[in-house]
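In what follows, a structure is listed as structure tokens, so that the remarks can point back to it.
The values are calculated or read from the model by the stated rules, or taken from the named source; none is laboratory data. What you see is a predicted model, and the numbers here were worked out from it, not measured in a lab. All Cβ positions, even for glycine, are placed from backbone atoms using ideal geometry, and neighbour counts span all protein chains on display. Ligands, DNA and RNA are stripped out before the accessible areas are found, and what is left, the full protein with its side chains, is counted by its heavy atoms. Shrake-Rupley method; radii C 1.70, N 1.55, O 1.52, S 1.80 Å.
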Amino acid sequence: MSTPTRDVSPEQAAREEELIARVQSSFDTCEDPRLKEVMQSLVKHLHAFVREVRLTEEEWSKGIDFLTAAGHITDDKRQEFILLSDTLGASMQTIAINNEAYGDATEATVFGPFFVEGSPRVELGGDVSFGAAGEPCWAEGTVRNIDGKPIAGAKIEVWEADEDGFYDVQYDDGRVAARAHQFTDADGGYRFWGITPTPYTIPFDGPVGKMLEATGRSPMRASHLHFMVDAPDCRTLVTHIFVRGDELLDSDSVFGVKESLVKDFERQPAGTPTPDGRVIDGTWAKVRFDIVLAPADVRG
Ligand code: BEZ
Ligand code: FE
């Protein structure tokens with residue numbers, strides 16, 4: 001049993017511990033063993049937290065108000081509880097546990113709230129930006145299994161914010177932009193035009209934003225491009241790649257950055273011929289991201 005960090009009398013500690021034991025044993029009759037384990041552990045850690053900080057009744061009430069506000073702002077487009085989980089690192093911890101390290105398998109990171117089912121299909125070498133504002137960026141790479149064998153027909157979903165920091169679904173006009181999917185060729189290769197990622201803020205006009213402000217934290221996310229990769233007999237990979245040199249890499253508001261996912265986005269001077277043999281207006285960038293999928297039977 002955990003003990004409070006501040007000194008309390010033995011009688012007081014006994015009272016507090018007796019309550020924990022009573023609450024935990026209220027789950028003894030739960031017929032689902034996993035649910036029982038989760039609930040009893042939740043009670044143990046929740047009470048340990050309350051005791052450790054010697055939570056005041058006023059603070060508890062503020063906490064309830066916070067959760068109530070999170071519920072009120074949540075709807076089918078806005079999910080404040082995911083933002084809360086993300087900003088407390090709980091999403092990344094759950095991802096780490098459920099995507100165990102396996103050889104050279106590419107690391108996973110946070111999913112975020114802006115994935116949409118049913119994105120358009122774009123052929124290899126096509127443009128996923130659909131007019132989204134931003135510097136053109138050529139992305140290419142391969143998908144392989146853990147033995148280094150190329151995976152043909154792997155489905156690659158990509159999505160990203162525009163240079164103003166917004167995903168298409170954050171606009172009210174129903175646009176579909178900067179998201180698409182494609183399938184790898186016989187050599188496991190993929191390639192597309194997107195836009196060079198730029199930093200943006202997570203939605204901060206709700207209780208999570210207030211929490212970040214009150215604690216002196218920033219709502220900024222490091223610049224990134226989302227990927228979800230699916231192939232038969234492989235573990236689905238949800239990840240993103242980050243831009244080397246981005247000053248936000250060490251302070252990402254949702255703790256999503258991993259060194260292995262930081263890539264060189266090489267800016268090309270205007271007039272440089274593109275990989276698909278064209279000359280386009282202005283600068284463009286290119287990035288390579290080679291992906292390794294773990295087998296499906298590995299946890300996650
Ligand atoms: C995102 O990367 O899209 C995202 C992740 C967590 C919270 C908000 C946005
Ligand atoms: Fe994102």
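Values as computed for the structure displayed
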| item | result |
| --- | --- |
| Subset of segment 164-175 [within 21 Å of the chain's Cα centre (by Cα) and more than 16 Å from ligand 1 (Cβ to nearest atom)] | none |
| Sole residue being over 21 Å from the mean Cα position of the chain (by Cα) and either in contact (Cβ under 8 Å) with a residue 12 or more places away in the chain or away from ligand 1 (no atom under 16 Å from the Cβ) (or both), chosen from V110, V116, V122 | V122 |
| Residue selected from segment 59-83 under the condition small (G, A, S) and free of Cβ contacts under 8 Å to residues at least 24 places away in the same chain, by the criterion most open to solvent (accessible area, probe 1.4 Å) | S61 |
| Index of the failed condition, T56 passing every other in (1) within 16 Å of ligand 1 (Cβ to nearest atom); (2) open to solvent by 40 Å² or more (accessible area, probe 1.4 Å); (3) at pLDDT 95 or above | (1) |
| Residue in segment 112-159 that is modelled with the lowest pLDDT, counting only those that are within 24 Å of R235 (Cα to Cα) and touching a helix residue (DSSP H, G or I) at 6+ places or on another chain (Cβ under 8 Å) | P113 |
| Residue in segment 38-46 that is among the β-branched types (V, I, T), away from ligand 1 (no atom under 16 Å from the Cβ) and either surrounded by fewer than 11 Cβ atoms within 10 Å (Cβ to Cβ) or in a helix (DSSP H, G or I) (or both) present | yes |
| Elements of type strands (runs of 3 or more DSSP E) contained in segment 249-300, each with 1 or more residues being of a type in the set (K, R) and more than 16 Å from ligand 1 (Cβ to nearest atom) | 266-268, 284-288 |
| Near pairs, Cβ below 9 angstrom, 6+ apart or cross-chain, from segment 161-182 (polar (S, T, N, Q)) to any residue that is within 11 Å of ligand 2 (Cβ to nearest atom) and in a loop (DSSP other than H, G, I, E, B) | Q170/F114; Q170/A161 |
| Residue within segment 269-291 that is among the basic types (K, R), more than 19 Å from I146 (Cβ to Cβ) and either within 15 Å of ligand 2 (Cβ to nearest atom) or touching a residue at least 24 places away in the same chain (Cβ under 8 Å) (or both) present | yes |
| Selection count, segment 64-106, where residues are charged (D, E, K, R) and within 16 Å of ligand 2 (Cβ to nearest atom) | 3 |
